[in-house]
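There's a structure below that I have some questions on.
The values are calculated or read from the model by the stated rules, or taken from the named source; none is laboratory data. What you see is a predicted model; the values in this text were computed from it and never measured. We place every Cβ from the backbone using ideal geometry, glycine too, and count neighbours over all the protein chains shown.
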Amino acid sequence: MKKIVILISGRGSNMQAVVNADIAGAEIAAVISNQPDAAGLAWAAERGLTTATVNHRDYANREAFDAALMRVIDAHQPDLVLLAGFMRVLTADFCRHYQNRLINIHPSLLPAFTGLHTHQRAIDAGCRIAGCTVHFVTAELDCGPIIAQAAVPILDGDTADTLAARVLTAEHQILPQAVADFVSGSLKIDGSRVLNHRSSQIHNIGNTTVLSV
Ligand code: GRF
């Protein structure tokens, strides 16, 4: 059984998608938030999952917060730490500590649009396609070997909110699949690339084609 610790900061819909996927061979060891009032934390607690808060406001600096967070995470001896809408920049020490077992979901087609406000920036840039990326985390923000991506169209009337909702639907598809692939041992990191022993797939979500590996 692979133990997974999930880090969230808010609503936690990606965390819910992973929990609800009931991935074979995976156990959700804990859901941890930096925000005490994160809605996702209450959702997880209601389902009997172990939850914890490490409030970044209680620490003098990023290093102290990350050290405290690592202590709480490591008490669960996780095989995988999942950043599912965790809105804190992590130190290089943190990223190194969980090297090759730290996975993030980012709401853009990386390497385009790292950082925040990805949907508005994609609209402003005139992109016709947007999407999301699941990747292994390295010390550089929103970089690291890509596990899966999904693409959705940008429509003429889109706002950041309507696009975010379309991308989120795709996030909920590729994140549980990427976690399942990690848990089953299908993923192999080869330099900056991830090779997946499970064959590539093309999923259809409604009238939107989503490509994922
Ligand atoms: C998602 O779009 C995620 O990619 C981004 O923040 C959002 C979090 O949503 N980093 P949720 O908390 O998983 O519902």
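Taking MET15 as meeting all but one of (1) farther than 23 Å from GLY115 by Cα; (2) part of a helix (DSSP H, G or I); (3) within 16 Å of the ligand (Cβ to nearest atom), write down the number of the exception.
The number of the failed condition is (1).
Based on what the data block shows, is LEU80 closer than 25 Å to THR51 by Cβ and either surrounded by 17 or more Cβ atoms within 10 Å (Cβ to Cβ) or of a type in the set (S, T, N, Q) (or both)?
Considered against the rule, which asks whether it is closer than 25 Å to THR51 by Cβ and either surrounded by 17 or more Cβ atoms within 10 Å (Cβ to Cβ) or of a type in the set (S, T, N, Q) (or both), LEU80 comes out as yes.
Out of HIS76, HIS135, which single residue is touching a residue at least 24 places away in the same chain (Cβ under 8 Å), out of contact with any Lys or Arg (no Cβ under 8 Å at 6 or more places or on another chain) and within 19 Å of ILE4 (Cβ to Cβ)?
Unique residue meeting the criteria: HIS135.
Follow-up question, since we're still on this one. Yes or no: ALA64 hydrophobic (A, V, I, L, M, F, W, C), within 16 Å of the ligand (Cβ to nearest atom), at pLDDT 95 or above and over 21 Å from GLN177 (Cβ atoms)? Give the steps one after another, and end with the answer.
Details: hydrophobic (A, V, I, L, M, F, W, C): yes; within 16 Å of the ligand (Cβ to nearest atom): no; at pLDDT 95 or above: yes; over 21 Å from GLN177 (Cβ atoms): yes.
Judged against the criteria, ALA64 is not a match.
Let me ask something else about it. Going through the stretch 18-30 one residue at a time, which ones are in a strand (DSSP E or B) and either among the charged types (D, E, K, R) or within 11 Å of the ligand (Cβ to nearest atom) (or both)?
Of all residues in the stretch 18-30, those in a strand (DSSP E or B) come to 26-30.
Of everything in the stretch 18-30, just one residue is in a strand (DSSP E or B) and either among the charged types (D, E, K, R) or within 11 Å of the ligand (Cβ to nearest atom) (or both), namely GLU27.
Just to be sure I understand, how many residues within the stretch 97-155 are in a strand (DSSP E or B) and farther than 28 Å from ILE73 by Cβ?
Of the residues in the stretch 97-155, the ones in a strand (DSSP E or B) are 102-106, 129-136, 146-153.
With farther than 28 Å from ILE73 by Cβ added as a condition, the list becomes 129-131, 151-153.
Number satisfying all stated conditions: 6.
Quick check: is even one residue across the stretch 29-45 buried (at least 22 other Cβ atoms within 10 Å of the Cβ), under 14 Å from HIS172 (Cβ atoms) and not small (Gly, Ala, Ser)?
There is no residue in the stretch 29-45 that is buried (at least 22 other Cβ atoms within 10 Å of the Cβ), under 14 Å from HIS172 (Cβ atoms) and not small (Gly, Ala, Ser).
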